[in-house]
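Read the structure below first, then the notes.
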Amino acid sequence: MSLPATTSKFESAVLEHMDAAYNLARWLTRNDQDAQDVVQEACMKALRAFDSFRGGDFRAWFLAIVRNTSFTLLRRGKDSPEGAGRQSLEAGAEVAAEPDVYDPQAIAIRSADALCVRRAIDALPEALRETIVLREMEGLSYKEIGKIVQVPIGTVMSRLARGRAHLQKLLVEMDSSRQEGTP
């Protein structure tokens, strides 16, 4: 039994952007399980609305649905990253080493650096965090980000500049704290 052409087109379009959708949801919800729930819900919403998609940039359209679904979940009060039983990428995350580099000290340093960057991104205000994630991690253009978050390109550029500056400040502070031996 074959799938209708619309469903098949939808599946191939969504599968291509599933990693980006999860990544955005993860950074917005700050929780693995919530991110999975958001992506599943966003896929259902996108499938129901797929007939109304008029072409253009599917990635931006789909990530906008993921973003809106994330904010809906957060408004329901599920935004507490400290909640009991919640898993985080920080807990148990591993940083891949170069295949020929198995130096335990180098691996520990890379892991600590990655954890520090994750914490700094997580500490950014929501609007700056989502802009940084969409640009730096997902490689979206300013125009695509503007469509997703529904703001002018100038606002995207401003948020990106402020986000980078804030991220740099947080990383310097965290590095100073780490060198002083305070957590």
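Excluding ligands, DNA and RNA, the accessible surface per residue across the range 134-175 is 58 Å² with a 1.4 Å probe.
Suppose the chain between residue 32 and residue 116 were pulled fully straight at 0.36 nm per residue; how much longer would it get relative to their current alpha carbon spacing? All intermediate terms of the calculation are to be shown ahead of the outcome.
On the way: separation 84, 0.36 × 84 = 30.24 nm, distance 1.82 nm.
Full extension of this stretch gives 28.4 nm more.
The values are calculated or read from the model by the stated rules, or taken from the named source; none is laboratory data. Values in this document were obtained by computation on a predicted structure and should not be read as measured data. Just so you know, the surface numbers come from the protein's heavy atoms only, side chains and all, with ligands and any DNA or RNA stripped out. Shrake-Rupley method; radii C 1.70, N 1.55, O 1.52, S 1.80 Å.
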